[in-house]
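Structure, as structure tokens:
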Amino acid sequence: MGEYMDGQLLFYAGAALLVLGAAAGVIALVLLVLAHRRLDKQLTREYGGKRQ
Amino acid sequence: MGTIIAGTYEIERQIGAGGGGTVYLGKHLRLGKQVVLKADKRTLNAKPEVLRREVDALKNLSHTYIPQVYDFVAENETVYTVMDYIQGESLDKPLSRGEHFEQAQVIKWACQLLEALQYLHSRPPHGILHGDLKPANVMLTPQGDIRLIDFNIALALGEEGAVQVGFSRGYASPEHYGIDYRTPAQPTAESAETQVDDVAQTVLTGESAQNTGGSRVRLDVRSDIYSLGATLYHLLSGVKPAQDARDIVELDRSQASQAVAEVIRKAMSPNPDLRYQTAEEMLDAFLHLRENDPRTRRFKRARNLAAATLSAVCLAGAGMSFLGLQQMERAQAAAAQEARQGQEAERVSKQALAAIREAENAYQEGATLRAIELSLQAMEDPGPYGVQAQKSLTDALGVYELSDRFRPSQYIELPGQPLKVALSPQGGKAAALVDGQVQVFDVVSGEQIADLPAEVSALSDVLFLDEETLLYAGLGGLRAYDLTHGRELWRAQTATAIALSADRSTVAAVYKNESEALIYDAATGVLSKIISFHGRCQPVPSNDRFADPEDSLFALSGDGGWLAVSFEGGGLRLIPARGNGEEVEHYESSPFTHFEGGFFGHYFAFSAAGTDNSVFAVIDLNTMEQTGGFQDRTPFHVQVDETGIYLSSNNLLVGLDPVSGEQKEVAYTGADISAFQVDGPLAIAATNDGGLAFFDQARPLAGQTEGGPWEFLGLSNGVAVAADRDRQRLRLFTLETHPESQIAVYDPSFDHDEARLSPDGKSVLLFRYDAFQVQSVQGELIAQVTLSEPEQVYDQQYVREDGKGYLDVTYYDGRVSRYDAATGELVGQEQLPPPDKGLEEEFLTDRYKVVSPLHGAPIAYTLEENKAVADLTAEGYLTYVTQVGDYLITEYITADGERYGLLRNDAWAVLARLPQLCDILEDGTLVFDDGQGILRQSRIYSAQELIALGNSKLQGGKK
């Protein structure tokens, strides 16, 4: 029984971690996109458009 | 109309002038295309082939940011270079107007210029150097792009670089001034500095390096790099850079980004080795400004860190979930497995318990082999019932029952109630008449050998002609059947009662109440004589299913010469079975309804019983006179055959000498004998109380059993069979002796409570409360001692010390007399405190203390914690507790004086009963006293040994 409950705990903790990670990932993605856009603007302002 | 040049171009107006010449806007007369004509007087004197080469080089140039050169025309001592007209203005114009350029824009122009430079520098054979890159030589088109103009074709790079022709201050590299800031071979810091300063000073004053008298520094692509850097510097800062490269003030944050400032700084490094070595390299720096910007790097780092962290978190989460799932599955599987194992264990336990119960039942019923088989089955996987299984096996094997005994060996279920039972001469086969069938069984294995149709009558007979041949009242005729080969040997006329001569030569048969008997040759079945009963017949009830065949007498003499027949009405006649002798009518009629008897040699003995009395008589056939006889109210049972004359009355069975009339006790039972069989020294007797007793030379054997009544008995060669009409079974018993276990014999006439074997194994001490005897192990008396004041004896203990045995007799007053157990001599006396009359005895083992009160249950306690762990109550009184290795043995004495032991494991569970246990030697040998003069020994059998024994027994049984 102990092992089963430990397993349950591990499973749900892992799932929670996964969800948290995914949520944090989404938030981070949004923040990074915004930061990238801002940086891009800044750099474009300073260095002009991207060149090949 | 303007000046026409070469008949092709018309000069429209001048649009510029400088050190290199004048620049005109013109038009191609035919094409109408606007062109630029750059007039340069200095090139006129150039050698034609040099000029042609340079023209060809310029005309082949084709690049987006370089105006196309179409033609060179020489006219009026002027060489006109015809090229694309670039609309727009040169960058020096807005600079001079003080206009400010955005860095992004400047970077874009820088990239375009670098592409142009890269193109020029890569032209074969050695590249083309611009040589005078400055804002004035960069055209800005209306579209916002640049065109690099006004490069001097004379600055085509030679193999070792070009030699500068002219330069623009501030934009020109130190090499233009002839200054070499590369690390000299062996410079001194001072001299290098002085040299440069001197040259620089010279340059600054307008003199060329040629005039300085110093060494010439050749220009290369890095010079253009410097000039570009200076141009960009001016564009960004609005200030022309210092002429001395060492005095350049770096661009600050308001003028340019740090990265851009760094690029320009590197491009303008005084030491050409420290600049970008190619236009491509500098272009690459501009193209990767965004990438190399610290902010971009920071962003990427942050992005990567976030990605890595979140990936790790998600991975960890996924991993944990996966592991958790696995753990749950494992736990579930383990729980399921445990449940299955538990169920399996329970099933196995139940199976084991069922097998044990069945084994016990089988043992009780006498099916010993079956009991062994079931016990072994339980032992395979006993679960928690290991002790019970072992005990069951021990009981079935009887390893500790060493006395001579008739041991139940088989229990055979019959399809119906038996009417007759017979045992073969060697005891290997048993036959039973059941419901019109004769069934024959192997005594050892219990397996059926034959199933033969018989005459349906309680009067039908079955007997063995010999070990392999059965004689029986078959359906439709008397038959002789070969059991080995399974075939009929001969058939005769129908018969029920059958008689066989002792010499196995003659068979007599009669069918129910027919008034004649038929005599046959036993070997062939040939009818040898028909004996008429002269109208008389044997008594047969109308429904002969209820007839008792034992009521009638029908017997042949040993040689087949005489036939004894009893008749209805109490008649008894002796008829010659051979020849034509005279019949002898012993009774014409009588009140007797039950006759038994037979022939022993030339004697005929019989018993006859009526309602009121019973007679027994012996008749000498030679004289036909009665030689002896008895009368009694209780019936006599007789067995008369070639072995002797035996008769029982009440509870006594004797053998009778027909000559002397002497009676010799064969058996003495506790209840009246209802049936018996004698075979040599052995006898089996069934009693009215349902008991069955066995005897050897009048000595009762162990193995008394109950479960009767027993009406049919058979005894041959150590095998006994018993059955009755009411139950569908045959019980078989086998004589077991253990001569190998015998260690001493003694004279049992001395009544004793206990027996001990001396340590040297040469003598036996038999003692009771008031006396003891010492005998040799052959039963010879060595000493007998009568104890004084026996009523004062508190206890007697046999003690082994220093290899000798002693009997310590303790009196209530504390006296202790010690007798030598080998000689009976008094060897010591001492006075000890009176023994505690507390009615309690204490025994000690390694781990336990057993307290045995006189009245109450003996309890075992742990020595360590004094915790009660077992109740040792059993039938009788606990006398001894002995530890033998891992085993414990508790000895008891019953109210009847029977001694026995219980073999227990270390947890006090009973493993076996040890009947008649009298002593345990120091080496763990168990000694048994049968009370009849024999001491036997055994060791303790382990479970594995018992299993091996059981398998061996089964194998033997199957054979």
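Only the coordinates and a few stated rules stand behind these numbers; no lab work does. The structure presented is a predicted model; accordingly, all values stated were derived computationally and were not measured. Cβ coordinates were reconstructed from backbone atoms using ideal geometry, including for glycine residues, and neighbour counts include every protein chain displayed.
Values as computed for the structure displayed
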read-out	value
Lone unmet requirement of (1) among the aliphatic types (A, V, I, L, M); (2) facing another protein chain (nearest Cβ under 7 Å); (3) farther than 24 Å from A:L34 by Cα for B:V313	(3)
Failed item in (1) within 7 Å of chain B (Cβ to nearest Cβ); (2) in a helix (DSSP H, G or I), with A:V19 passing the rest	(1)
Some residue of the stretch B:338-353 being surrounded by fewer than 17 Cβ atoms within 10 Å (Cβ to Cβ), within 14 Å of another protein chain (Cβ to nearest Cβ) and of a type in the set (G, A, S)	yes
Filter result (assigned to a loop (DSSP other than H, G, I, E, B) and of a type in the set (D, E)) within the stretch B:278-295	B:D293
First in the stretch B:612-627 and in contact (Cβ under 8 Å) with a residue 24 or more places away in the chain and at positive phi, second anywhere and assigned to a strand (DSSP E or B) and surrounded by 13 or more Cβ atoms within 10 Å (Cβ to Cβ), Cβ under 6 Å, 6 or more apart	B:M624/B:V584
Strands (runs of 3 or more DSSP E) wholly inside the stretch B:712-766 that include at least 2 residues being charged (D, E, K, R)	B:729-736, B:754-757
Complete set of residues in the stretch B:480-508 that are in contact with a helix residue (DSSP H, G or I) (Cβ under 9 Å, 6 or more places away or on another chain) and either on the phi > 0 side of the Ramachandran plot or β-branched (V, I, T) (or both)	B:T496
Test set (1) crowded, with 19+ Cβ neighbours inside 10 Å; (2) without any contact (Cβ under 8 Å) to a residue 24 or more places away in the chain; (3) within 30 Å of B:L735 (Cα to Cα) - B:N361 fails condition number	(1)
Scan of the stretch B:902-938 for residues that are assigned to a loop (DSSP other than H, G, I, E, B), free of Cβ contacts under 8 Å to residues at least 40 places away in the same chain and surrounded by 15 or more Cβ atoms within 10 Å (Cβ to Cβ), ordered by number	B:T925
Single residue of the stretch B:102-145 satisfying the filter (under 16 Å from A:G49 (Cβ atoms) and outside any helix (DSSP H, G or I)) that is farthest from the other protein chains (Cβ to nearest Cβ)	B:Q143
Unique match (being within 7 Å of chain B (Cβ to nearest Cβ) and out of contact with any Asp or Glu (no Cβ under 9 Å at 6 or more places or on another chain)) among A:L32, A:L39	A:L32
Residue within the stretch B:443-450 that is surrounded by 23 or more Cβ atoms within 10 Å (Cβ to Cβ) and within 27 Å of B:Q704 (Cα to Cα) present	yes
Which listed residue is of a type outside the set (V, I, T), in contact (Cβ under 8 Å) with a residue 60 or more places away in the chain and touching a helix residue (DSSP H, G or I) at 6+ places or on another chain (Cβ under 9 Å), from B:L376, B:L274	B:L376
